[in-house]
Amino acid sequence: MTRPSEDTGTQMTRALQGLENDNSSVRLRAALAVGTAPDPGFVGKLVARCAVEPDFSVREMLTWALTRHTAATTVPLLVGEVRSGRGQARSQALHTLSKIGDRKAWPAITPALLSDPDDEVARTAWRAAVVLVPEGREHELAGALATQLGRGERETRLSLSRALIALGEVMLPALGAATTDPDPRVRAHAIATERLWLDPDAGFEFAIEEAKRIVALGGDGREGQ
């Protein structure tokens, strides 16, 4: 009568061991197996593995596996991870929280995370914040995101522009204020984001180059609007 439970235990052990295998294909299959047959006993290991997994495809599968478990089981552990000293742990936890979409995780999206010195963490925090922000708090979030305008290189700036645009019209006052910022990088990024909002087909490269031209000429991008 004890055979079924022993088999289940053996399967769990094998899957957990697979997540530690040196071969990324084995780890990928192990994460798939865990997601296919969710069990609360796996959650802690999945979260811990997200913090150290070097392969992008495996990390995505780990996130998928976590979304297959109940939010009540996963969200508290993931919220704990966003306070980790390891950048990958923070970014992957935020990414997973955005996929789960449980707004109970919103308090974890702190100003410190939105301005995290690690660009990858900050980008993931921006994306997660847009998904998790409670109704009525979008204006507040737009203001917080606008403080990051002008930050980083192309990928980081594009991520921030996309996050602001995803908030919709509520972000326009914060963006408009940034078009007159003393910092030319902030002004250019704000103007480029406005251009993308008005013309999504323009492309970020075109928008940023046009914004730089406007800033160089002393404008704020509002001429003719």
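The values are calculated or read from the model by the stated rules, or taken from the named source; none is laboratory data. Please read all numbers here as calculations on a predicted model, not as lab measurements. Cβ atoms come from the backbone with ideal geometry, glycine included; neighbour counts cover every protein chain shown.
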Q) Just one of S25, S5 is among the hydroxyl-bearing types (S, T, Y) and modelled with pLDDT of 95 or more; which is it? A) S25
Q. Going through the range 53-83 one residue at a time, which ones are surrounded by fewer than 22 Cβ atoms within 10 Å (Cβ to Cβ), of a type in the set (V, I, T) and over 25 Å from S115 (Cβ atoms)?
A. T67, T70, T73
Q: State whether the residues of the range 149-159 include one that is under 24 Å from A71 (Cβ atoms) and small (G, A, S).
A: no
Q) So, in the range 140-169, of the ones that are over 14 Å from the mean Cα position of the chain (by Cα) and polar (S, T, N, Q), which residue ends up surrounded by the most Cβ atoms within 10 Å (Cβ to Cβ)? A) Q148
Q) So is P40 assigned by TED's automatic domain parsing to the domain that holds A128 and under 21 Å from the mean Cα position of the chain (by Cα) or not? A) no
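Taking the range 178-197, which residues are assigned to a helix (DSSP H, G or I) and either of a type in the set (V, I, T) or touching a Lys or Arg at 6+ places or on another chain (Cβ under 6 Å) (or both)?
Step one: list which residues in the range 178-197 are assigned to a helix (DSSP H, G or I), which gives 178, 184-197.
Residues satisfying the conditions are V186, A188, H189, I191, T193.
Would you call T156 closer than 22 Å to A93 by Cα, of a type in the set (S, T, N, Q) and not assigned by TED's automatic domain parsing to the domain that holds L196? Steps first, please.
On the way: closer than 22 Å to A93 by Cα: yes; of a type in the set (S, T, N, Q): yes; not assigned by TED's automatic domain parsing to the domain that holds L196: no.
When the stated conditions are applied, T156 does not pass them.
Filtering the range 35-88 down to residues that are in a helix (DSSP H, G or I) and polar (S, T, N, Q), which residue is modelled with the lowest pLDDT?
Narrowing the range 35-88 to residues in a helix (DSSP H, G or I): 35-36, 40-50, 56-67, 71-81, 87-88.
Cutting the leftovers down to polar (S, T, N, Q) gives us 36, 57, 63, 67, 73-74, 88.
Values: T36: 91, S57: 97, T63: 98, T67: 97, T73: 97, T74: 98, Q88: 96.
Across the range 35-88, the extreme among qualifying residues is T36.
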Q: List every residue pair whose Cβ atoms sit under 6 Å apart, with the two residues 6 or more apart in sequence or on different chains, where the first one lies in the range 178-193 and is touching a residue at least 12 places away in the same chain (Cβ under 8 Å) and the second, anywhere, is β-branched (V, I, T) and buried (at least 24 other Cβ atoms within 10 Å of the Cβ).
A: T179/I191
